[in-house]
Amino acid sequence: MASPPQNIFQALLALMRKIVCNADMADSKKYELNVTVRTAYLPEQSDEIIDRYVFAYTVTIANTGSVAAQLISRHWIIADGGDSVQEVRGLGVVGEQPLLKPGDSFEYTSGTALSTPVGSMKGSYQMVAEDGLYFDATIPEFILSVPRILH
C-alpha cells in the first residue's frame, strides 16, 4: 500500500496544531486575570541616611475570565537596585483570600522597603478555579523608584 503524499501529513499536522491551539486559547481565556499595579514612594516612612526606601503598591486583580477563582497564595520576587533579591511567599493577600467571580475585581495596598532608591517587583498569585483547576496569575514586573531618580 502506498503511503499518502507528505503534504497531506503536513496539512493534517497543521490542522491538529490549530485545533489544540484554539482549545488552549479558549481555556486560557476561561482562567484569565488582569493584574495592574500603582506605586508610591513614602518619604515619611523612609530614611535615606540609612538606605531605607519605603514604597506602597496598590494592586488591582480583575477576573476577566469566565470562571470564578479564589486567590490562595502569593509569590513575590523583590529586587533592589543592587544585587539583593528577596522572595516572599504567603497565604492570601493582606489577610484575605478573595473569591473573584467573572467581572469582579479586588484591590489592596501593601508595601515594601528597599535598601536602594530604585528596585522592582514581580510575581504570581496561585489561584483555584471553581471547577477545581489550580493556575497561576502573573503579576507583571513593575518599578519602584524615588521620584526624580529615573529619567
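A short reminder: the numbers here are calculations on the coordinates, not readings from a lab. The structure presented is a predicted model; accordingly, all values stated were derived computationally and were not measured. Quick reminder, even Gly has a Cβ in these numbers, built from the backbone with ideal geometry, and neighbours come from all protein chains shown.
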* Asked: Tell me, what is the percent relative contact order of the stretch 85-151, built from C-alpha pairs under 8 Å that lie six or more residues apart?
  -> 25
* Structure fact -> Checked the stretch 52-150 against the a/c 1.5 cut and the a/b vs b/c comparison, axes a ≥ b ≥ c from its Cα gyration tensor; verdict prolate
* Asked: Reachable aspartates and glutamates from Lys29, Cα under 14 Å, same-chain residues fewer than 8 places away excluded?
  -> Asp136
* Arrange the peptides 82-89, 61-68 so that the one whose residues have, on average, the most other Cβ atoms within 10 Å appears first. => 61-68, 82-89
